[in-house]
1. Could you give me the residue pairs with C-beta distances under 6 Å whose first residue belongs to segment 495-513 and is over 14 Å from Asp557 (Cβ atoms) and open to solvent by 10 Å² or more (accessible area, probe 1.4 Å), whose second residue is among the aliphatic types (A, V, I, L, M) and not in a helix (DSSP H, G or I) wherever it lies, and which are 6+ apart or on separate chains?
2. Would you confirm, using the coordinates I've provided, whether Val153 is more than 30 Å from Leu302 (Cα to Cα) and touching a residue at least 40 places away in the same chain (Cβ under 8 Å)?
3. Run down Val549, Val528, Val510 and say which single residue is within 30 Å of the chain's Cα centre (by Cα), of a type in the set (Val, Ile, Thr) and closer than 23 Å to Leu445 by Cα.
4. Cβ-Cβ below 9 Å, separation at least six or inter-chain, first residue in segment 439-456 and closer than 10 Å to Val552 by Cβ and open to solvent by 30 Å² or more (accessible area, probe 1.4 Å), second of a type in the set (S, T, N, Q) and in a helix (DSSP H, G or I): which pairs?
5. How many residues does segment 199-245 contain that are open to solvent by 70 Å² or more (accessible area, probe 1.4 Å) and within 27 Å of Ser265 (Cβ to Cβ)?
6. Under 8 Å between Cβ atoms, which residue pairs at least 6 apart in sequence (or on different chains) link something in segment 224-235 that is under 11 Å from Pro312 (Cα atoms) with a partner that is of a type in the set (Ser, Thr, Tyr)?
7. Scanning for something under 24 Å from Thr798 (Cα atoms), surrounded by fewer than 17 Cβ atoms within 10 Å (Cβ to Cβ) and within 32 Å of the chain's Cα centre (by Cα), does segment 663-684 turn up at least one residue?
8. Being at pLDDT 95 or above, in a helix (DSSP H, G or I) and surrounded by 13 or more Cβ atoms within 10 Å (Cβ to Cβ) is the filter here; which residues of segment 124-154 pass it?
Amino acid sequence: MTENRKVPKLPVEGKRNILITSALPYVNNVPHLGNIIGCVLSADVFARYCRLRGYNAIYICGTDEYGTATETKALEENCSPKEICDKYHVIHKEVYDWFDISFDEFGRTSSPEQTEVCQAIFKKIHENNWLSEDTLQQLYCDTCKKFLADRLVEGTCPIPGCEYDSARGDQCEKCGNLLNPTELKIPRCKVCRNSPRICDTDHLFLELPLLKDKLEKYINEMSVAGSWSQNAIQTTNSWFKMGLKKRCITRDLKWGVPVPHEKYSDKVFYVWFDAPIGYISITASYTRDWEKWWKNPENVELFQFMGKDNVPFHTVMFPSTLLGTDQNWTLMKTISVTEYLNYEAGKFSKSKGIGVFGNDAKDTTIPVEVWRYYLLTNRPEVSDTLFTWSDLQAKLNTELLNNLGNFVNRVLSFIAKPEGQGYDSIIPTVPDDVSGDSHDPTKKLASKVAAYLEQYIEAMEKVKLKQGLKIAMSISGEGNAYLQETEFWRLYKQNQSLCSLVMKTAAGIVYLLACLLEPFMPSFSLEVFKQLNLSTETHLSLSDDKGDVDRVRRPWDLLSAGHKIGTPKPLFRELKDEEVEFYRKKFEGSQADRVLRAEAEAAENVAAQLKKTKVSVPLFATDGTGKKKPGAKSAAKSSNEAKNKSAAEPDISITRLDIRVGLIKKAEKHPDADSLYVEEIDVGEEQTRTVVSGLVKYIPLDEMQNRKVCVLCNLKPASMRGIKSQAMVLAASNDDHTKVELVEPPSSASVGERITFPGHEGSPDELLNPKKKVWETLQVDLHSNEKLEACYKNIPLTTSAGICTVSSISNGSIR
């Protein structure tokens with residue numbers, strides 16, 4: 001099926017053409033909130049603002065897929081780099097879709113266009129003699145038998161006063177300095193942990209010192225014209241103060257853009273060289289006429305958004321690369337840089353799994369417009385800022401619910417009241433005997449709103465997004481004050497004409513807020529437009545050409561009299577203290593810690609359920625011959641009988657587990673738990689069993705349907721968030737619990753057949769006694785081996801059709 005694509009936008013003569021990019025997120029992990037506000041969300045706000053103003057703007061982004069980090073992740077997950085990229089590109093896109101990020105194109109740097117554009121640029125700078133060759137001393141791992149790329153090496157940072165013991169070979173996360181791997185103290189290979197040795201290898205370099213004059217001319221002109229942020233200017237200047245050095249542009253890797261040079265054909269381009277070119281190649285994927293955007297500096301303005309650690313790549317290296325071609329490239333006009341967003345008591349960290357990640361936000365009950373608002377009010381524009389759950393709660397309850405939501409709902413709910421109490425959902429007509437120009441409170445409001453609008457536009461044009469949002473919210477505050485001052489509920493009874501003016505003006509302010517806040521909270525604006533019964537396509541506009549800005553000076557004229565509004569309803573919900581505490585605990589520690597904590601909580605739930613269950617013990621039981629023998633209560637009467645009973649307790653053997661081949665007939669999300677699935681599984685009985693599994697974060701819902709699995713059927717049933725789970729699906733996880741896969745029987749295995757362990761004979765317990773810890777004792781020896789076979793010790797889980805396996809996790813734990 002061919003995907004329906006909109007006709008690509010191209011620059012238009014005489015219009016303001018704006019090309020917007022955000023730093024390409026690396027594809028080896030899920031983005032956290034710091035990544036989102038630092039790059040894609042900030043750029044999205046500006047792109048939406050540009051469209052609101054009627055500018056001809058496109059927003060380009062995509063996943064950065066080449067380089068060492070991808071190879072490293074592929075090694076960890078026992079798959080190819082391409083499979084890693086395919087997997088995480090989808091994850092990134094899903095997160096950004098949920099956050100309402102409005103890319104015109106969200107592409108990938110592993111595309112054919114990337115190879116074509118990157119190699120063409122290289123050939124030009126090579127022809128123009130901006131490259132040199134040199135021999136590098138690089139770390140070589142004898143155990144892995146390969147040169148180690150920067151990110152495959154870690155050690156102690158050599159910078160005096162830092163000496164961070166987990167610095168990467170390319171950059172120290174703690175002090176931010178760029179490094180060479182050979183500079184690290186006590187280096188070690190990240191794959192095998194052994195010490196590498198230094199070897200010689202030839203590479204190509206971009207001669208930044210030779211390009212210094214061209215680069216300085218560009219920076220001096222554009223940093224003023226584009227009003228570069230102070231942090232961008234400071235970072236760039238520090239590079240010049242230290243002295244520009246030639247930079248290596250090639251690497252001894254396989255996963256990357258091949259170098260089109262006979263001597264270096266076994267190498268690829270270093271990711272810093274090829275990744276920024278991704279902006280161009282992704283535009284080339286968007287339109288064949290990409291050069292009309294990228295080789296058109298007279299008619300196109302380039303705005304780029306990023307975190308502070310990306311600045312030198314965009315102000316020094318990427319411009320130098322393009323300047324070295326001697327072609328007429330569209331160079332960056334404005335750079336918008338954020339500092340770090342920290343999390344509660346520490347830093348967000350992808351590598352350590354600390355903080356709230358994009359998929360975490362999606363799994364809460366907090367709506368996307370609240371996440372966007374909080375991140376943008378907390379945008380770290382000039383210094384680091386802090387994410388805290390209590391602050392999010394305060395901003396939601398005070399600013400969104402009590403200020404903005406309250407104003408919109410008061411206005412629309414009153415208009416929607418039936419005639420005699422309100423206006424029967426019709427925007428009222430203002431009689432000729434009253435006017436906004438002559439009613440002092442309305443005139444003052446109009447004057448304030450017009451001034452705020454000018455300030456809003458000025459802030460947004462300078463990419464001061466946090467300020468723009470604050471100004472828009474001030475208009476909501478003025479609206480609430482206007483309602484209180486005019487006492488519209490009294491006017492309705494005492495002066496209908498004046499009340500019509502007040503409510504028509506207030507409704508106009510509601511409409512204006514929906515427009516001004518659309519770049520920040522598009523889902524909020526969409527809902528307000530729905531309640532106003534207006535189309536966003538025709539009414540969402542703040543264009544000078546259409547006269548929208550001038551109309552704001554008369555807010556009582558923004559909506560037409562006689563227009564019928566939709567159904568008002570509350571726009572925000574209060575976030576309670578207990579919810580805040582729940583989320584704080586849920587997201588504390590690393591992601592690996594959270595997995596372990598969830599498993600422990602599940603075990604506690606099972607134990608608590610078992611305590612509530614009274615198990616009756618007979619006085620007598622049969623011994624298998626039909627004769628009666630003393631039961632537990634009788635045996636407890638003498639110590640000798642107790643010893644005999646203990647001796648008769650069966651050994652803890654793997655055969656005591658009733659593991660069967662099951663078929664998931666239906667799977668859906670738990671109605672009261674975002675991390676749980678509820679499955680109906682056929683295990684060969686008359687009725688399916690209901691099973692609750694904590695697999696939401698690891699396995700997509702569509703992959704859970706009609707799938708054969710291995711099911712442990714004789715665990716004691718336990719309630720999981722109100723639903724009783726009658727069995728357990730077996731799954732394998734890697735060491736840090738960041739990856740989980742189902743244990744799968746052969747496709748031809750019979751549903752309901754018992755899984756066996758060759759060499760072990762015996763019948764399973766009807767129900768495992770949790771006090772005897774049978775499952776807990778046996779589970780520690782359940783694992784996946786290097787052949788990806790599911791095993792108990794060294795014995796595979798076996799069916800009549802063959803051995804049970806996992807997809808890719810070797811040496812994983814099965815539970």
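1. Ser497/Val434; Leu498/Val434
2. Values: more than 30 Å from Leu302 (Cα to Cα): yes; touching a residue at least 40 places away in the same chain (Cβ under 8 Å): yes.
Yes: the conditions hold for Val153.
3. Details: Val549 fails: within 30 Å of the chain's Cα centre (by Cα); Val510 fails: within 30 Å of the chain's Cα centre (by Cα).
Criteria check complete, one pass: Val528.
4. From segment 439-456, the pairs are Tyr452/Ser474.
5. The total comes to 3.
6. From residues that are under 11 Å from Pro312 (Cα atoms), the pairs are Ala232/Ser223; Ala232/Thr315; Ile233/Ser223; Thr235/Thr315.
7. Taking segment 663-684 and keeping what is under 24 Å from Thr798 (Cα atoms), we get 663-665, 679-684.
Still in the running and surrounded by fewer than 17 Cβ atoms within 10 Å (Cβ to Cβ): 665, 680, 684.
Adding the requirement that they be within 32 Å of the chain's Cα centre (by Cα) leaves 665, 680.
Yes, there is a match, as at least one residue in segment 663-684 is under 24 Å from Thr798 (Cα atoms), surrounded by fewer than 17 Cβ atoms within 10 Å (Cβ to Cβ) and within 32 Å of the chain's Cα centre (by Cα).
8. Listed by number, the residues that qualify are Lys124, Ile125, His126.
The values are calculated or read from the model by the stated rules, or taken from the named source; none is laboratory data. These figures come from a predicted structure and were not determined experimentally. Every residue, glycine among them, receives a Cβ derived from its backbone with ideal geometry; neighbour counts consider all protein chains shown. When the accessible area is computed, the model is the full protein with side chains, heavy atoms only, and any ligands, DNA or RNA have been set aside. Shrake-Rupley method; radii C 1.70, N 1.55, O 1.52, S 1.80 Å.
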